[in-house]
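Read the structure below first, then the notes.
The values are calculated or read from the model by the stated rules, or taken from the named source; none is laboratory data. Fair warning: this is a prediction, and the values are worked out from it, not measured in the lab. We place every Cβ from the backbone using ideal geometry, glycine too, and count neighbours over all the protein chains shown.
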Amino acid sequence: MKNPLTPNWLETPPNLSELDPRIWPRTAKRNERGELSVGGQTASDLVRQFGSPLYVVDQEDFESRLMSTRRAFSDAAQKIGTTAKCYYASKALLTTEVVRWVDQAGLSIDVSTSGELAVALAAGIEGPRIGLHGNNKSLVEIGRAISAGVGAIVIDSELEIERIASVASAQDKVQAVRLRVNTGVHAFTHEYLATAREDQKFGIALVDVPDMVEKIRSHSQLKFLGLHSHIGSQIFVVDGFIAAAERLLDVHAKLLAGGDVPELNLGGGFGISYTQADRPLPLDEMAGRITTAVAQKCEQLGIPVPALAFEPGRVIAGPAGITIYSVGTLKDVQVTDQGTAATRKYVSVDGGMSDNIRSALYEAEYSATIASRSSDAEATLSRVVGKHCESGDIVVRHALLPADVSVNDLLAVPATGAYCFSLSSNYNYLPRPAVIAVKGGSVKVLIRAETERDLLGRDAGYEPGEA
Ligand SMILES: Cc1ncc(COP(=O)(O)O)c(C=O)c1O
């Protein structure tokens, strides 16, 4: 009988050890002993070398997603007689090596802070391939970006117009800028992931855009590229992107009366499968439907189709990454829900909200499998939890795990490549895990694991030798 605590969307697969290719990285498989391997490396070998928890990136998967994402947008744009620039949204997962993959695949990169900019520049990507975002850019950040020759800065508020113009002037440069617009489109996603509702911090209201663009155009140090919108993240359906594009194009058409508007940037936010129940529209279909709608709207307005730009992050990095944990403690908890008593197995692992805050922050759902072996045991409704001092420290809220899950098993959680390492913390003084890339049987460390010495090293009262 189905455990009554099981949510409706969670179905028991015929084989719990099977790896659904929609959720697992391209090279993930089980070897003859039933162990999970990625990039030709088994989970247990990786943990022996690099410790647990461990972020593992399937490099082949990541690289192929860079190429296929770029191709999806450029093919779709070509069909409507224009071009599409693809910026990898580096906040999803950023290391110098990742920037090199992005560079080699011919994408540009979007950064939001001086720190992200520093990583991109350290990896050697050229300034013109970088776009700078951020709703509160400091003068120092703007100065650094302009002196690096970034291809575009996205203006997020009226104040920034003067700020960017004055820094560009001081450096005797002309800076290309876009204007981020809050289109008011309500993307169907978690509230904290929806970034174009009226009541939030990003962008300029549609009605204010003409005045802002006039101000931008009044500065000879600024070159106006066009409008930008990012409606949110983890979006499965195309309607929000189309609605935002149409609203932007209405204003874009009016702006043409005052000068050039060569581009339209529609941001990122394309969703991925975290569980078997997640069915996002495939990216090439999404891209095709957006560009078709753009072409139709431009025809209706009687304007040329602008060059397009997109900023995907999650759809590239997310499915390429997994996190491996070790099981430490197990507990069967009796739960009474609306008069029905049922058991939920709590499986505690050696990480938690410090390496994956998404479950706590967005009520994100994940899935999990035993990585160190396969099992024929029947499915038991489980909750994978971390070791932090919060009852909301949940890694996988609803996991179907084999009933024989045991202490010292390795557990793997797929689709953790985006917004896990980049949102990680040292809560409870847990050192952050290593990030490694695997490909064709070889391993590269992207970020080494933190140590307690790293953490103590920032404590000004610490005398080396004490611990
Ligand atoms: C301005 C902007 N562009 C692109 C992205 C990338 O979104 P995603 O990773 O969902 O594609 C974000 C994410 O927050 C963003 O804020």
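Numbers below:
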quantity: Options Gly351, Gly318; residue that is in contact (Cβ under 8 Å) with a residue 60 or more places away in the chain, more than 16 Å from the ligand (Cβ to nearest atom) and on the phi < 0 side of the Ramachandran plot; calculated: Gly351
quantity: Residue check, Tyr325 among the hydroxyl-bearing types (Ser, Thr, Tyr) and away from the ligand (no atom under 16 Å from the Cβ); calculated: yes
quantity: Among (1) within 14 Å of the ligand (Cβ to nearest atom); (2) assigned to a helix (DSSP H, G or I) - the single one Val251 does not satisfy; calculated: (1)
quantity: Flag if Pro304 is free of Cβ contacts under 8 Å to residues at least 12 places away in the same chain, assigned to a loop (DSSP other than H, G, I, E, B) and under 30 Å from Ala105 (Cα atoms); calculated: yes
quantity: Only one of Ala399, Ala415, Ala364, Ala371 that is touching a residue at least 40 places away in the same chain (Cβ under 8 Å), of a type in the set (A, V, I, L, M) and under 30 Å from Arg129 (Cβ atoms); calculated: Ala415
quantity: Selected residue (only one of Gly268, Gly240 is in contact (Cβ under 8 Å) with a residue 60 or more places away in the chain and within 16 Å of the ligand (Cβ to nearest atom)); calculated: Gly268
quantity: Number of the exception - Asn356 against (1) surrounded by fewer than 24 Cβ atoms within 10 Å (Cβ to Cβ); (2) part of a loop (DSSP other than H, G, I, E, B); calculated: (1)
quantity: Elements of type helices (runs of 4 or more DSSP H) in the stretch 1-119, at least 3 residues being among the aliphatic types (A, V, I, L, M), under 21 Å from the mean Cα position of the chain (by Cα) and under 29 Å from Val294 (Cβ atoms); calculated: 59-79
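This table checks each residue for (1) touching a Ser or Thr at 6+ places or on another chain (Cβ under 8 Å); (2) of a type in the set (Lys, Arg); (3) modelled with pLDDT of 95 or more.
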{"position": "Gly232", "(1), (2), (3)": "yes, no, no"}
{"position": "Val261", "(1), (2), (3)": "no, no, yes"}
{"position": "Gly268", "(1), (2), (3)": "yes, no, yes"}
{"position": "Thr275", "(1), (2), (3)": "yes, no, yes"}
{"position": "Pro306", "(1), (2), (3)": "yes, no, yes"}
